[in-house]
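These notes are about the structure you will find just below.
The values are calculated or read from the model by the stated rules, or taken from the named source; none is laboratory data. What you are looking at is a predicted structure, and each value in this text was computed from that prediction instead of being measured. Neighbour counts are summed over all protein chains in view; Cβ atoms, including those assigned to glycine, are modelled from backbone coordinates with ideal geometry. Ligands, DNA and RNA are excluded from the accessible area calculation, which covers all protein heavy atoms including side chains. Shrake-Rupley method; radii C 1.70, N 1.55, O 1.52, S 1.80 Å.
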Amino acid sequence: MSKPAVFKPWFRAFNAHRWQWWLGFKLALLTVVCGIGLLALSGWFITASAIFVTVNIYAPGSGIRFFAVTRTVARYVERLVNHDLVLKVQARWRIAWFKRFQRHAYEGLARFRVAQAIQGLTRHIEAMDNLWLRLAMPAFAVTAVSLCFIVWFSFYHWALAGIVVVTGLGAYWLISRLAHYSLLQAVKVEKYQHRIRARGMALTESLEEVMAWKQFDKQSERITYYSRETERAFQFEQRRARKIKLLLEWLTHGAVIGIYWVAIQLFIDPNAQVSSAEVVMLLLAALAWQELLLELPQQWQNYGRTALASRRLLVEQTNSSAKAKVVESADASLRWDNVSVYRQSRQLFAPISLQAVAGEWVWLSAPSGEGKSTLLNATAGMYANFSGKIAVPKLSEFNYLTQHTDILDDTVFNNLTLGRQLDEQRIWKVLEWVELAERIRQMPEQLNSRIGELGIRLSGGQYRRLALARALLKDAPLVILDEPFSGLEVDLAARITERLMNELPLSIVLVASHHVPASVRAHDRHTVIELGHC
Amino acid sequence: MSDNFRSAANYLKQIQTVAQRSTRRALLFGVLQTSSVILQLYLGAQLAHRLLVLKEPLSDLTLYWLLLAFATCARAIMGWRRELWQSEAAGLALHNARQRLLRRWQSQCRQGQSIDRGDGSMLIDTVEQLRGYYERYFVQQYLTVLSPLMILVVCFWLNPVVGVLLLISGPIIPLFMALVGIGAERVSQKHAQSSVALSRVFTSMLKNATSIKLFNGLQFANNTIAQAGEDYRRANMKTLKLAFLSSAVLEFFSSVAIAAVALYVGFGLLGYINWLGADELTLFSGLLVLMLAPEYFAPLRQFAQTYHDRAAAMGAATLLTENNPQDVQADVAMTAPGHCLATQNLQVTITPNARLPYPDFTFPKGALTVISGPSGSGKSTLLRALLGLQSYQGTVLRANDGDQPIAYFSQQPFLLPASIRTNLFLYSDDPSVDPQPVLRRVGLDKAIAVAASGLDTMLGERGAGLSGGEQRRLALARCLLSSYPLIILDEPTENLDAESADVIRRELGDLCKSGRTVIVASHDEALIALADHRIELDGGGSYV
């Protein structure tokens, strides 16, 4: 990915706040100019006092005071404006990212249940505030100031301006080299760190086994070795960056000495009419400008991390949904014709066939990991790697309860509706079906009570029933439930099943469960399918 | 709270000891760097004075120009070397931190403290937070005193009034910053809360993305994230307003000090002030003092910038400090032949205040012992004590070869996202053994032969690619491949398909026939029926 392209989405977000970054830039420029002015004017004043006979003290005196105060105020406001801007851009970008993320295939979405992936994501988004604060804005400010210097110095002598031009170009080249190296370093370091992280997590997850098998020393030795390697790689990459910083220091200091020398020549030359005070002013202005330039390497060392973070964030979005081959059946039934599901190229169970109509229940029974969930995913059009034909009553009109209980840190109402328009009566009715109505009525704010980590803690079984209720709030011709009763007592599960049998006469209910209630097996409206090995 | 603080600070100090040599060198070069700066500015001021005031010819001053060039080169080189040593110090310190973390996990495991799966990433994520501290803050805190001190001495030599001015403004600035900082602390706590809230909302939306997508809740999710983002921004800006205020104080005082120096020197040179050495001011001394003033404040500014390195490191250190390691029981080798293990007066520590007592047990050699009992009766806890993974009081006696590794089959056997072969030999010291006979015995040979690359087929996270039964059989194969005399298993047949469970039961029986001792915790009736010895726990524990 080329350098500017990686940052394009961010620039678009910045553009939405044009006036703010323009203001921030102007304030930064003002700060810098005041800083340079303070030093240069002070130098002029001191030299004039030492050499001239009469000096108007009021103008330079107030000028110095003005620069000192304005610099402080401008800097303060500038930092506020720029940080506020960055927060707004981040917020905007977070939403844009989430929108694109939603378009993923369902397998991609599940990956973010892992804390690691989320940590990495938030880390990358935070790294992006470097883009404006440490990369773009300092560079803009320094470039603008250098242009001002070129103009100003050219009033004195072309050589002075020439020195600034040459130094500026040299600095530009060195900084771009630095940015390039910092990206190489960031990539390498990320690879090494990933290795240690993976090994570390493997160790902590299997720590008991490792200790029992007395393998701890061997495993920790390996991690120690990688740790040493990582630090060595880190140092090596930093060396290049530091050499560039050294060259830049020599370049800019040399420029200052050069400017000093030319200024003195101008002073000595009777034709030039440059006073001694102006010599010192030029010297100190050059010193202040050089200090500015030397801030750039430290800021631009962040380029690598930032570009990498941006790359990672964009990569998360390139997967698109796999097209699933589920069709609509002619007679509003659920049909499986010799369907078997594959994980990569491995067939998970012997092909099965089925036909079910409204009011019938299909129970899939098999131990965990044998392909039940995958078959349900395929039926819902979320998974494409299957053989045979699947036909559903109506495409995209189904209720799905995932095996993993998805609960938001939010109110009960939001958890149930997820933004859908549903009337409260229906909600309470469904809550009665899963025997949660009483519990929720007891809550201080009932449906508007917060649950989850920050709110009321419910038991695992209660969360599960809540998720089940969510899946039943709307009528649909096909209801898919993946292990709906996991974590529930057997008699509670049986009661809920009884109720649902009566309340869902128009739906085909497809249930995956490793435990099928005994009362169901003999029922004629229930089909039990055991997934067999192939 | 302050206990935490102290132990974190101690931790940081201890980690640093390996990097002392590098730190000292960095300090040395830092001091040399400041000396070069002083020399450089001295020569610049001398040149100005001699050329502009004394009007000496340029040719007489070539030496000054050369020395100026030399001092400039030296300054850059000293800075370069200093950063090199700082960086190396950080590398050594972080490596040390990682090693200590590994040792801490080992001792935590021995005491039976559970370690979260995600803790493994602390090796990178938490330890990296220390880098800024050791690379920048640690040396900077000394240089922030040394460099200004050197400059102060020079300034006093040039002009006492300026010296006093700088001396006063030096300490005043941190004082004012601290006052502002105290207010910032309170606000930053609020900010930390809203930061956590935003992270929580975002994380929640990500984790539940499947359901959100299934129920077309995208708009709802976006609105929630947007709202949380806005709250975060507001809280963040409140904190920043105060945080920036403290650094604005620094900027203000340093700018004012420079302005004051300039005005004082100017008025002194003009003759408006003639007390306390003002009449001795020359262009040289005045200019030098003016150029030194920003250099006086520069380390302080750098120090302020690195302060959040310290905060991050303290945060990391509280996570990394070791708790007081308790002494782990050393076992007495036992003498009774025919027994592989035995317990005496065993009381296993569950929480610091609660211990679970067990009656005395013996585990005969070469026999299959099944520990059974209702859930919660302490089967797993007993196993963990036998494995040395939980602290206890009393004794666990082992046979003479008792320091051998134990082939352990845990409730959730660990599988790496690597090849099947790697997983088979995960805990083995001898990867050259042919696994085929063992695979045939556990019935995995066909499944592996059919797989894409046979033994080299890559598994996914948590063994994805093998069914639950196959994963357990692979873990059993691990135990069979090893030759350790003791095998301990925790619920090996739970939630398993009938075929896999049969294989496991059969193999466990065979293992004993070949002379190895097998201890199993299980409520599987069929397995209990195969047992040579049976231990029934019922909360009170009794031997059957």
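A few points about this structure:
- In sequence order, calculated HN-Hα J values of the stretch A:80-93 (Karplus, 6.51, -1.76, 1.60; Hz; x Gly/Pro): 4, 4, 5, 5, 4, 4, 4, 5, 5, 5, 4, 4, 4, 6
- Debye log10 I(q)/I(0) at q = 0.06 Å⁻¹ for chain A, Cα point scatterers: -0.52
- For the stretch A:186-200, backbone phi angles converted through the Karplus equation (6.51, -1.76, 1.60; θ = phi - 60°) give residue-by-residue couplings of 4, 5, 5, 4, 4, 4, 5, 5, 4, 4, 5, 4, 4, 5, x Hz, Gly and Pro being listed as x.
- Note that the stretch A:426-470 presents 45 Å² accessible area per residue, ligands and nucleic acids not counted, probe 1.4 Å.
- Cross-link partners of A:LYS372 among aspartates and glutamates (Cα-Cα below 12 Å; sequence separation of 8 or more within a chain): A:ASP482, A:GLU483, A:GLU530
- Interchain or long-range residues, amide H under 5 Å from A:TRP363's placed H: A:VAL511, A:THR527, A:VAL528, A:ILE529
- Cβ neighbours within 10 Å from other chains - mean over B:46-53: 5
- Volume per residue that the Cα convex hull of the stretch B:391-540 spans, once the total is divided by residue count, Å³: 140
- Above-threshold pairs, the threshold being 29 Å between Cα atoms, out of A:LYS325/A:LYS429; A:LYS389/A:LYS474; A:LYS26/B:LYS238: A:LYS325/A:LYS429
- Alpha-carbon centroid distance for the pair the stretch B:61-102 / the stretch B:6-29, whole angstrom: 16
- D (Stokes-Einstein, µm²/s), Kirkwood Cα radius, the stretch A:378-423, 0.692 mPa s at 37 °C: 245
- The length gained by stretching the chain between A:ALA144 and A:ARG239 to full extension, at 0.36 nm per residue less their Cα-Cα distance, is 31.2 nm.
- Spatial extent of chain B: Rg and Dmax, with the Cα atoms as the point set, Å: 35.3, 110
- Residue ranges B:456-467, B:211-222 sort as B:211-222, B:456-467 when ordered by packing (mean number of other C-beta atoms within 10 Å per residue, highest first).
- Under 5 Å, built H, 5+ apart or other chain: amide partners of B:LEU341: B:PHE363
- Candidate cross-link partners of A:LYS99 among the lysines, defined by an alpha-carbon separation under 21 Å and a same-chain spacing of 8 or more, comprise A:LYS8, A:LYS88, A:LYS323, B:LYS207, B:LYS213.
- Label sites at B:GLU461 and B:GLN305, each approximated as a point 7 angstrom past Cα along Cα to Cβ, lie 3.9 nm apart.
- Rg and Dmax, both from the Cα atoms of the protein assembly as shown and both in Å, are 36.6, 116.
- For the stretch A:1-69, the normalised intensity computed at q = 0.19, 0.23, 0.25 Å⁻¹ comes to -0.80, -0.96, -1.02 (log10 of I(q)/I(0), Debye sum over alpha carbons, equal scatterers, no solvent).
- Nearest-0.05 FRET efficiency for B:ILE172 and A:LYS429, computed from C-beta distance (R0 51 Å): 0.10
- Of all DSSP beta bridges confined to the protein assembly as shown, the antiparallel ones make up roughly 40%.
- Along its principal axes, the stretch A:450-494 has C-alpha extents of 36, 25, 14 angstrom, given from the largest down.
- Label-to-label distance, nm, for residues given as B:ARG506 and B:GLN227 (7 Å Cα→Cβ offset): 6.1
- Using just its DSSP H runs of length 4 or more, each adding -39500 (n - 2.57), the protein assembly as shown gives a mean residue ellipticity at 222 nm of -21000 deg cm²/dmol after division by all residues.
- Modelled label positions at A:ASP524 and B:ASN345, each set 7 Å beyond Cα in the direction of Cβ, lie 7.1 nm from each other.
- In order along the stretch B:97-102, phi translates into HN-Hα couplings of 4, 5, 5, 5, 5, 4 Hz, rounded to whole numbers, per the Karplus curve 6.51 cos²θ - 1.76 cosθ + 1.60 with θ = phi - 60° and x for Gly and Pro.
- The three principal axes of the Cα atoms in the stretch A:163-248 give end-to-end lengths of 70, 16, 11 Å, sorted in falling order.
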